[in-house]
Amino acid sequence: STYLDARDIGPHFPNDNVVSRGLIVNLDDSAFICFDRDLLRWSVAWTGGRLTESMLPEVSYREFFNKLSHVPKIAGNPVFGNGICPGWSSKKPIRQDIRPPSQEMEGSHWGPLPTEYGRWNGVYVHGNRAVLSYSISGTDIAELPGVIRRDDQAIFTRALEVGETSDTLFMNAAEVVGGSGGYTDGTVGYIYFGEGKDSVMAVGIQKNGADDASVRFVEGRYLDIVVSPSAVPRELTVFLCSGPLELLEGFNEELQSARIQIPDFRKGGNGHWPGKVYTRGEIAPDTAAFVTDILTLPVPNPWKRNMRVIDMAFLDNTTAVVSTFEGDLWLVDGIIGNLGRMAWKRIASGLYEPMSIEVHAGQIYVFGKEGIIRLHDLNGDGEVDFYENFCDLMQEPPESYAWAADMVFSEKDNSFIIALGAAVNARPGITRPIMTGFRAGSNHSGTIMRISSDGKRADVVATGFRMPFLGVNPLTGGITATDQQGNYVSSTPVYVVEEGDFFGVPATAHRNDNPVAKKPLTWIPHRIDRSAASQVWMTSGKMGPLDGSLVHFSFGKPGLFRVLVDSTSQGLQGGVTTIPTKLSTPILKGVLGPVDGYL
């Protein structure tokens, strides 16, 4: 998962090609595509190097204070691309961004297509292949991307299962800017370009029973695949390549002879990370009111993965699941008791900064820049086979510091509460600055939102944050929050959040009624906490004098604080006191254990 800047990659490529929620599919060791999960399109296909190493998880691992992340670009040679419009449409071709004004910010649209138009369902992992699942106007489509190597050329393939449909479907297969004419016979289409028409973009189809599918050359610029209505599902394969004219002979031969079979992906595939890694933890001596045990990480491990743990949740009474900044999920057993033998099992990978994990009704939910993903182990081998799009209605811009910061499940009203960071102008990005200190971001940047239990509804609760983190009281459903000191946030605040609140950052107000900023319970001085993180309510009855309190985490100190709340005739006010702990690493998140009730 990544965002991607595919502008300025060549004179014959569309220049309006930015992806906020991209899925990079490795077709082999030097052929790649970027699938835009918002617009359901192939944004760009290329060969050679993968991506520039410029994302924050990459640049900051060995240089902790290196924050100069950039939006990634392709590191190879582009083959073809498509501009910002839906990858598919029904009834008639669509060549413009159809997302509504509510998703527009400073001239760019962010977030998914309207649900009735199309929806990203998720990605199945089957061995070393990925099967993309999405729907267009209610028609389910499964797609297996691939590549065929023929001498020095790469022929990209899209093997498709198209469900029954009452409307004609159109795929925007390829776009060539400044072409010099084209040709199609219904099964194959070409667009010529370059000096003397010495280069060609070729698109062909194997109908595989979809006899009414065809290739069309449109407006001197586009090659479309047209799929007619049908009462039964069908299969077809699209072939695409671009380069010198002489490649056409090989392209046509492969189009006639190659046969691509979509695997039985719905039953799961072979695992990727066999075995477990065992570590021994450290029990703290019982000589203080609060002690800190150490859960030793599985480093090194057979897959040479770095591990910066962001969040954790309990899958059952004895097994926890943790996420890492590098995009992995691990199960860990043995964290109850003497910590003598902890077993770590890697279960998922490829996520972009999965900042939050929640377990609800026995299922794992992960919140990152992709949105909220629900994970499925289809064959019981202990690894995730289906990364389901549970909810992507929150708008995520292609900015490295517009964090998908926090998610907490509220048992009280059966919903997910999420916090989205603002696009801080100090970090290089794509969108234009909206005011000093901030880029445009999206209409959801710097907000707290409520996601319904079925993932089909997303409502803004409060706005005006810079970089919020959450606390949700499981007994009352009450929401608290912090914000990080910086532009427009003079110090670290602790907030009580209610519907319709505004918390002071003008760029993320997302309203025109000139609201008054709500005051915090308390300000924490910068020297005490220079970088706030999330919060946990002590409701287990096992935390001694902290029971019933709100505990605030400091990433910058690092440390823990007890939040004291006082109700007066003037409203709520409060303060914090330090909880004496010895912590060797910054703290972002926390959870109460289901068995011992400890933090």
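Going by the alpha-carbon gyration tensor, a ≥ b ≥ c the square roots of its eigenvalues, is the range 58-105 rounded (a/c under 1.5) or, if a/c is not under 1.5, prolate (a/b greater than b/c) versus oblate? Verdict is oblate for the range 58-105.
When only the heavy atoms of the protein chains count and the probe is 1.4 Å, how do Ile430, Ile141 rank by accessible area, highest first? If you can, show how the numbers build up before the last one.
Details: Ile430 30, Ile141 5 Å².
Accessible-area ranking of Ile430, Ile141, largest first: Ile430, Ile141.
Got the relative contact order for the chain handy, in percent, Cα pairs under 8 Å and 6 or more residues apart?
Details: 1616 pairs, mean separation 53.5, N = 599.
Rounded, it is 9 percent for the chain.
Given R0 = 51 Å, the distance between the Cβ atoms of Lys582 and His360 translates into a calculated FRET efficiency of 0.95. Taking the Cα centre of the range 481-583 as origin and assigning +1 to Lys and Arg Cβ atoms and -1 to Asp and Glu Cβ atoms, the resulting dipole is close to 460 debye. In this calculation the C-beta distance from Asn252 to Asp29 is compared with R0 = 35 Å, giving a FRET efficiency of 0.85. Estimated from helical segments only, the mean residue ellipticity of the chain at 222 nm is -500 deg cm²/dmol, where each DSSP H run of four or more residues counts as -39500 (n - 2.57). What you get for the range 294-343, charging only the Cβ of Lys and Arg (+1) and of Asp and Glu (-1), is a dipole of about 220 debye around the Cα centre.
Between Thr187 and Asp377, what is 0.36 nm times their sequence separation minus the Cα-Cα distance? Round to one decimal in nm. Walk me through the numbers before you get to the answer.
On the way: separation 190, 0.36 × 190 = 68.40 nm, distance 3.89 nm.
Extra length from Thr187 to Asp377 when fully extended: 64.5 nm.
Diagonalising the gyration tensor over the Cα atoms of the range 498-599 and scaling each eigenvalue by 5 before taking the square root yields semi-axes of 28, 17, 14 Å, largest first. Straight-line cross-link reach from Lys92 at under 13 Å between alpha-carbon atoms covers these aspartates and glutamates, not counting any fewer than eight positions away in the same chain: Asp167, Asp224. In the chain, the longest principal axis of the Cα atoms and the axis of helix 247-257 are about 80 degrees apart.
Expressed as a whole percentage, what fraction of the accessible surface of the chain belongs to carbon and sulfur atoms when a 1.4 Å probe is rolled over the protein heavy atoms? Please report the intermediate quantities before stating the final value.
On the way: 12030 of 24400 Å².
C and S atoms contribute 49 percent here.
So, R0 is 45 Å and r is the distance between the beta-carbons of Leu572 and Arg62; what FRET efficiency does that work out to, to 0.05? If you can, show how the numbers build up before the last one.
Values: r = 44 Å, r/R0 = 0.97.
Calculated transfer efficiency: 0.55.
Stretching Glu282 away from Arg95 to a fully extended chain increases their span by 61.4 nm, per 0.36 nm per residue minus the current alpha-carbon distance.
How high is the relative contact order of the range 271-369? Use alpha-carbon pairs under 8 Å, at least six apart in sequence, and give a whole percent. Mind dumping the intermediate values first?
On the way: 210 pairs, mean separation 25.6, N = 99.
Contact order relative to length: 26 percent.
Checking the a/c ratio against 1.5 first, then a/b against b/c, what shape does the Cα gyration tensor give for the range 444-534? Taking the square roots of the gyration eigenvalues as a ≥ b ≥ c, the range 444-534 is oblate.
For Ala289 and Leu245 in the same chain, what is the full-extension length gain: residue separation times 0.36 nm, less their Cα-Cα distance, in nm?
Values: separation 44, 0.36 × 44 = 15.84 nm, distance 7.64 nm.
Stretched fully, the Ala289-Leu245 segment lengthens by 8.2 nm.
Remark: relative contact order (the range 96-181) = 16 percent; criterion is Cα-Cα distance under 8 angstrom and separation of 6 or more residues. In the context of the full set of protein chains, the range 266-383 has a per residue accessible area of 45 Å² (1.4 Å probe). Taking all protein chains into account, the per residue accessible area for the range 179-248 stands at 40 Å² (1.4 Å probe).
Give the accessible surface of the range 1-133 per residue, rounded to a whole number of Å², with probe radius 1.4 Å and ligands, DNA and RNA excluded.
Numbers: 5290 Å² over 133 residues.
About 40 Å² of surface per residue is accessible.
Counting heavy atoms of the protein chains alone, Arg149 has an accessible area of about 100 Å² for a 1.4 Å probe. When you count the other C-beta atoms within 10 angstrom of each residue and take the mean per peptide, 280-291, 485-496 line up highest first as 485-496, 280-291. DSSP beta bridges fully contained in the range 413-555 are about 95 percent antiparallel. Ligands, DNA and RNA excluded, the heavy atoms of Glu370 present near 20 Å² of accessible surface to a 1.4 Å solvent probe. For the Cα trace of the chain, dividing Rg by the Kirkwood Rh returns an Rg/Rh value of 1.00.
How would the range 21-171 be classified by its alpha-carbon gyration tensor: rounded, prolate or oblate, with rounded meaning a/c under 1.5 and the a/b versus b/c comparison settling the rest? Note, shape of the range 21-171 comes out oblate. Which stretch or stretches of the range 159-187 have amide N atoms under 15 Å from the point lying 7 Å from Lys207's Cα along the Cα→Cβ direction? 185-187, by backbone N distance to the label point. In the range 5-152, if the dipole is taken from +1 on Lys/Arg beta carbons and -1 on Asp/Glu beta carbons about the Cα centre, which of Gln96, His12, Thr47 is farthest to the positive end? Projecting each Cα onto the dipole axis, the largest value belongs to Gln96. Computed about the Cα centre, the dipole magnitude for the range 1-156 is approximately 260 debye when only Lys and Arg (+1) and Asp and Glu (-1) carry charge, each at its Cβ.
The values are calculated or read from the model by the stated rules, or taken from the named source; none is laboratory data. Since this is a predicted model, take the numbers as computed values, not measurements. All Cβ positions, even for glycine, are placed from backbone atoms using ideal geometry, and neighbour counts span all protein chains on display. The protein model used for the area step is the full one, side chains on, heavy atoms only, and it has no ligands, DNA or RNA in it. Shrake-Rupley method; radii C 1.70, N 1.55, O 1.52, S 1.80 Å.
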